[in-house]
Structures are given as structure tokens and as C-alpha cells.
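K.L.:
The structure is given below, and queries will be raised subsequently.
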Amino acid sequence: MIKEVATTPYDDQKPGTSGLRKKVPVFQQEHYAENFIQSVFDSLEGFEGKTLVVGGDGRFFNREVIQKVIALAAGNGFGRVIVGRGGILSTPAASNIIRKYKAFGGLILSASHNPGGPHEDFGIKYNIGNGGPAPEKITDAIFARSKVIDRFRIADLGAIDIDTLGETRAGDMIVQVIDPVTDYAALMETLFDFDAIRALFRSGFRMAFDAMHAVTGPYAKEILENRLGAPDGTARNFVPLPDFGGHHPDPNLVHAKDLYDEMMGPDAPDFGAASDGDGDRNLIIGRGIFVTPSDSLAILAANAHLAPGYKQGLKGIARSMPTSCAADRVAEKLGIGMYETPTGWKFFGNLLDAGLATICGEESAGTGSDHVREKDGLWAVLLWLNVLASRGKSVEEIVAGHWAEFGRNYYSRHDYEEIDSEVANRLMEGLRAKLPNLAGTEVSGRKIVAADDFAYHDPVDESVSRNQGIRILFGGGSRVVFRLSGTGTSGATLRVYIERYEPERAQHRLETQEALGDLIAAADAIAGIRAHTGRSKPSVIT
Ligand code: VG1
Ligand code: CO
């Protein structure tokens, strides 16, 4: 039986960089999730009788919202819902399922790397039929609809069993529960040389993969240990927990510190890696060396042809604007296109669909390719393994070789978290006002050659996205970028991205923060970070 339920709108359901993210108690308000999901459906056309994919990273409230999605999908006339068993699907796996089963779209329930639990974060993101996050045209429509929504349509189904594989009828709709790992693992087998990686493990190569109690656990267990023969214990913290064991499932040097310390220690394995809450990010650490995500993107692009899925070479590389320019030098050498997009994976979709780019990446530990339309943590780990197996060198040798060939982009991101939103906006407005007069001036001994507020012109659909971050370019390929985060759930987060290019074959290795010292000072001089926020240092440095 389908009911039409009267509701009143909320005014805060604007999707951010990666969907709608709020604290769990916000999502638990009456009709909050229903309103948003109905607003998504109201912004789409032509899904009657078609398939919707749903799954999440297993965090607190995941199961409840999955039940709501199923009931609303039935109420709105979808023909089928495909759901991962237990409500589990990593973000890249969900993208693959949408594509493979030609679904109309999917709802991914996750707040990525943010903590989970009754007072922590939750999120809902809509992905379109190509498997990628909805473009701005759709997310704008969803927000507009959410502000005026006055009813939702829901089927009275009772609790649907999402823990048993197979199909069940739910009203006029079919609910199909699938294994979350099988299709994804099969896709990985088509891209990488599993025999070569198996031989690498057989030769005694040791790896540590930290799933951070999040969604990649079951994927890593199956692929690394069962299919590739890595020893039992290679995947750690592999059972997804609703609160991620009380940790932030954020694969950076702060939250994956145990892994980092082990990799820097005397008995370090050959290769260390981690992924985030929803499985789309990756952390790569060699024995004694952390690989920055920007360098990782460049190195993977330069070596991708060693993996069977990319042996034809790359069509192009795309990176988000704040990501370091290391990949640009690889694109230049390969003679392929280089695209610079705003932050967030949704901007890569058109480039991938149009065959302009094959590999994409972001400085925030996201790397991926045209195999799906999301960034993909385990994919990056497997590509690294394939490269290590093919080249027979250590991570450190590969990174050093890359710097020797292309030069080195010293790079760091400084985050100022939970600052007052008004203060953050004032700081950005102050910067914008200064922009026209910055070029040609000198700050902290460095000359500014250009300064702008990044606007992206999509080469495929010709849409324009403005105000995507303030760029201050210095001579010699150094720069500072300022933008406000679009994924936080309390206050504002200012992100400052600092980069210095060193063509000098990088023989003398500087400590990163030291290498960037004068640019960090310049960033504060230009934006007045201390003066505005009262903070003397960032909350997180990556
Ligand atoms: C952050 C990152 C961005 C990433 C986004 C979603 O956004 O900077 O690169 O695409 O998170 O990542 P922001 O607006 O807070 O800077 V996640 O792993 O949802 O999946
Ligand atoms: Co994520």
C-alpha cells in the first residue's frame, strides 16, 4: 500500500562537495531523511519501473535509512532496488553496480572519512546512471525542491530482510540483495595482473592494509588475502563497525598514525596502505617513505601502462585544482590532455564519459580511473601493487626515480577546522577584494605572478562553476590556494594548499614544512589567517 504523507520542508538540505552531510541527530529529525530522498526523486524524470542501487559504509543509522530508501523507492514507482548485503557497499563498488546493472541511479549512504556513531556524521549522496555523483545541475534542483517539499510517497512494507542474498517482492517492486564484494573483485581482476601480484606475495613481499574498521575490510580480505594470496593478517581492522571503533576512518598521517609509525619503524613491511570510511580514498606508504596523494597520482599515471587494464596508455589526466601540479608534468611528457577541475569527484564524470581523461585524482587521497565514476581506494592500492610487481623496485626507489625525472612538487594542506562561519566568509571575501591588486606585488620575498578565483568551464557540457577557490601563483610553479570545505558538519573549515616546485632533481631532500616555510608565511600575510581566526596554527597538517 502506498501512502502520501504530508511534510514540512527543512531549509538546510543543500548538498555539499559530496552530497548531504549532517550529524546523525539532524538526520533523525522527523521526515528529515524522507524529505531529502523524496526531493532527489522529485528532481529526476523517467525512473518508473527502473532500478535504484542503494548501499552505504555501514555507519550508525545506515540500516534505518536503507529501509526508508526501499520504502520510498517503492512508493515512487521504481521497479527494483539492488542493495548490498547488510546495507554495505563501498562508494566505488556502488558506482560499479550502477554501471554494470544499468541502474537508473543510486543512493550512497556515507559521510566518508568523518566519524560515525549516534552523535557523529551521516550522509546521503545521489549518483546518476553513469555511476558518478550527480552534477551541480541536479544537486541544485534537489536543494531547490527540498525547500518547498510538502509530501512524500512511501510504501508500507514493514522491515525488509537485507541480510539474505536473493530477490524478494516489496509491493510492486523487487528488492535484490547482492554480495557487496563479488562484482567489484571481478572488475579488479580485469584491470590488474593478479598473477604477477600473487607471485610478488609468494616471494615474501609484505604488506599492511588498514581498513580502519570501515567498509573496505571485506573487500581487502577477499581481494588481497583470498585472491592474491597475501598472508592472513595483511588486512587489519577489517570488520566494518557502526562507529569505526571510535576512530575517524580518515587515512591520513593523524588518524592512520599506527600504520605510519610501523612503516617508519625497523621492521616495516614493504608496503602500507589504508582506505577511508566509504572506501574511495587511499593512503600509500612505502618502507620509510610517505607518498603524498598528489605524487601518487603522478606516479600512477606515469606507470599505469604496466597494468593490463591501461596497457593502451592514457587518454588524459584530470586533477582537482588544489591538487599539486606533479601530474601535469607527466601529462606533458606523455603528450596527453591535462584537465584542472574544481574539488569534488562530480566534476570528473563528463571528462571520463567523453573519453578525455582516463585517470583522475585529488590531493585529499582520492585517485581513480574510468573503470567507475568515483574515486577508488583499493583500485589505487592494487595499481601500486601491480607497478611494484612489474618494476621489481621498492616504493622509495620508484618515488625517487620519479622526482629525478620530473622534479618534485613539495606539497602540504593546512586545515583550520571549526572556525566560525562568518569569520571564514569574511576572510574569503577579504581575499577576493584584494585579488585585482595582487599580481606583480611581492610577499615574504616571493613575487606573485597571477591571482584569481578559480572558475571551471566544463569542456563537455559547457557549464561554468565559479568561486571554486582562490589561487595565488608565484614564479617558478609555486602557489598557495585557499578554499572553504564543503563537507564539514560544524562551523567552517578553511583549507590552505601550499605547493613549491623544485626542478633541481630533488637531490637534497628537504623536510616538507621547512621547504614550504616562506610560502606558508606568505599565505598568512595575504589572507590574514591569524588576524581573522585568532589561530596560530592549523588543526591538521597533511
Ligand atoms: C573533501 C576533499 C575533496 C573530496 C571531498 C569528498 O572536500 O577536499 O577533495 O572530494 O572531501 O571526499 P572538502 O569540500 O571538505 O574540501 V569523500 O572521501 O566524500 O568521499
Ligand atoms: Co570517502
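K.L.:
Between segment 455-473 and segment 79-134, what's the alpha-carbon centroid distance in Å?
P.N.:
27
K.L.:
List the relative contact order of the chain as a percent without decimals, with contacts defined as Cα pairs under 8 Å and 6+ residues apart. Let's see the in-between values first.
P.N.:
Numbers: 1244 pairs, mean separation 71.6, N = 542.
Taking the mean separation of contacting Cα pairs over the length of the chain, I get 13 percent.
K.L.:
Expressed as a rounded percentage, what relative contact order does segment 2-179 have, with Cα pairs under 8 Å and six or more residues apart? Mind dumping the intermediate values first?
P.N.:
Working: 378 pairs, mean separation 62.2, N = 178.
Here the relative contact order equals 35 percent.
K.L.:
Work out, step by step, the length gained on full extension between MET264 and GLU64: first 0.36 nm times the residue separation, then minus their alpha carbon distance; give nm to one decimal. Present the calculation step by step, with values, prior to reporting the outcome.
P.N.:
Numbers: separation 200, 0.36 × 200 = 72.00 nm, distance 4.14 nm.
Contour length minus Cα-Cα distance gives 67.9 nm.
K.L.:
With the calculation restricted to Cα positions, what are the radius of gyration and Dmax of segment 408-541 in angstrom?
P.N.:
15.3, 45
K.L.:
Report, for segment 5-115, the % of DSSP beta bridges that are antiparallel, rounded to 5. Walk me through the intermediate numbers first.
P.N.:
Details: 1 of 12 bridges.
Once the DSSP bridges in segment 5-115 are tallied, antiparallel ones form about 10 percent.
K.L.:
Compare the Cα positions of PRO538, TYR260, GLY123 along the charge dipole of the chain (+1 at Cβ of Lys, Arg; -1 at Cβ of Asp, Glu; about the Cα centre) and return the one farthest towards the positive end.
P.N.:
The one lying farthest along the dipole's positive direction is PRO538.
K.L.:
Over what distance in Å are the Cα centres of segment 284-359 and segment 218-269 separated?
P.N.:
Spelled out, the Cα-based centre of one part sits 25 Å from the other.
K.L.:
So with the 1.4 Å probe, I'd like the accessible area per residue for the chain, rounded to whole Å².
P.N.:
Numbers: 20280 Å² over 542 residues.
For the chain, the per-residue accessible area is 37 Å².
K.L.:
Applying a 10 Å radius around every beta-carbon, put 189-196, 374-381 in order of their mean neighbour count, most first.
P.N.:
Details: 189-196: 16.8, 374-381: 28.4.
Sorting 189-196, 374-381 by mean packing, highest first, produces 374-381, 189-196.
K.L.:
Ignoring ligands, DNA and RNA, what percent of the 1.4 Å accessible area of segment 416-471 is carbon and sulfur? Could the numbers behind the result be given before it?
P.N.:
Details: 1400 of 3230 Å².
Ligands and nucleic acids excluded, carbon and sulfur give 43 percent.
K.L.:
Can you give the direction-averaged projected area of the convex hull of the alpha-carbon atoms in the chain, in nm²? Let's see the in-between values first.
P.N.:
Numbers: hull surface 94.1 nm².
Computed as one quarter of the Cα hull surface, the answer is 23.5 nm².
K.L.:
Can you give the FRET efficiency for SER444 and ARG391, using 1/(1 + (r/R0)^6), R0 = 35 Å, r = Cβ-Cβ distance, to the nearest 0.05? Don't jump to the answer; show the numbers that get you there.
P.N.:
Values: r = 40 Å, r/R0 = 1.14.
It comes out at approximately 0.30.
K.L.:
Starting with the highest mean, order 246-254, 324-332 by the number of other Cβ atoms within 10 Å, averaged over the residues of each peptide.
P.N.:
Numbers: 246-254: 20.7, 324-332: 22.3.
Going by the mean number of other Cβ atoms within 10 Å, highest first, we get 324-332, 246-254.
K.L.:
Provide the convex hull volume over Cα atoms per residue for segment 1-158, in Å³. Before the final figure, lay out each step's value.
P.N.:
Numbers: hull volume 15.8 nm³, N = 158.
Dividing the Cα hull volume of segment 1-158 by its residue count gives 100 Å³.
K.L.:
R0 = 56 Å: FRET efficiency of ASP161 with GLU511, Cβ-based, nearest 0.05? Mind showing how you got there, number by number?
P.N.:
On the way: r = 55 Å, r/R0 = 0.98.
With a Förster radius of 56 Å, E is 0.55.
K.L.:
Place a +1 charge on the Cβ of each Lys and Arg in the chain and a -1 charge on the Cβ of each Asp and Glu, then give the dipole magnitude about the Cα centre in debye, rounded to the nearest 20. Walk me through the numbers on the way to the answer.
P.N.:
Details: 58 positive and 71 negative charges, 131 e Å.
In debye, rounded to 20, the chain gives about 620.
K.L.:
Alpha carbons only, please: Rg and Dmax for segment 165-309, in angstrom.
P.N.:
Rg then Dmax for segment 165-309, in Å: 16.9, 61.
K.L.:
Let me ask something else. Carbon-plus-sulfur fraction of the accessible area of segment 266-397, 1.4 Å probe, in percent? Before the final figure, lay out each step's value.
P.N.:
Numbers: 1540 of 3390 Å².
Within segment 266-397, the accessible surface is 45 percent carbon and sulfur.
K.L.:
OK, next. Could you tell me how far the Cα centroid of segment 147-207 sits from the Cα centroid of segment 1-42, in Å?
P.N.:
When both Cα centres are located, 24 Å separates them.
K.L.:
Helix-only estimate, please: 222 nm mean residue ellipticity of the chain, summing -39500 (n - 2.57) across DSSP H runs of length 4 or more and dividing by its residues, to the nearest 500. Walk me through the numbers on the way to the answer.
P.N.:
Working: 18 runs with 169 residues, N = 542.
The per-residue figure over the chain is -9000 deg cm²/dmol.
K.L.:
In addition: I'd like the Kirkwood hydrodynamic radius of segment 273-411, using the inverse of the mean 1/r over distinct C-alpha pairs, in Å.
P.N.:
Working: mean 1/r = 0.0685 Å⁻¹.
The answer is 14.6 Å.
K.L.:
Once both labels are modelled 7 Å past Cα along the beta-carbon direction, what's the LYS14-GLU462 spacing in nm?
P.N.:
With each label point 7 Å from Cα toward Cβ, the separation is 2.8 nm.
K.L.:
Looking at segment 107-155, what % of the alpha carbon pairs are farther apart than 16 Å? The partial results should precede the final answer.
P.N.:
Details: 688 of 1176 pairs.
Roughly 59 percent, rounded to a whole number.
K.L.:
Give the share of C-alpha pairs in each 5 angstrom bin for segment 260-304, from 0 to the last occupied bin, in whole percents, shortest bins first.
P.N.:
Spelled out bin by bin, segment 260-304 gives 5, 22, 24, 24, 18, 7, 1 percent.
K.L.:
Using a 1.4 Å probe on the protein heavy atoms, what percent of the accessible area of segment 35-106 belongs to carbon and sulfur? Please list the in-between numbers first.
P.N.:
Values: 890 of 1880 Å².
Using a 1.4 Å probe with all protein chains present, segment 35-106 comes out at 47 percent carbon and sulfur.
K.L.:
Ok, one more. At 25 °C and 0.890 mPa s, what whole-number value in µm²/s does Stokes-Einstein give for the translational diffusion of segment 321-403, with Rh from the Kirkwood sum over Cα pairs? All intermediate terms of the calculation are to be shown ahead of the outcome.
P.N.:
Working: Rh = 13.8 Å.
D = 177 µm²/s.
K.L.:
What is the packing order of peptides 165-172, 309-316, taking the mean over residues of other C-beta atoms within 10 Å and listing the highest first?
P.N.:
Details: 165-172: 12.6, 309-316: 16.5.
My ranking of the peptides, most packed first, is 309-316, 165-172.
The values are calculated or read from the model by the stated rules, or taken from the named source; none is laboratory data. Note that the coordinates shown come from a computational prediction; the quantities given were computed from them, not determined experimentally. All Cβ positions, glycine included, derive from the backbone under ideal geometry; neighbour counts span all protein chains shown. With ligands, DNA and RNA removed, areas are computed over all heavy atoms of the protein, side chains included. Shrake-Rupley method; radii C 1.70, N 1.55, O 1.52, S 1.80 Å.
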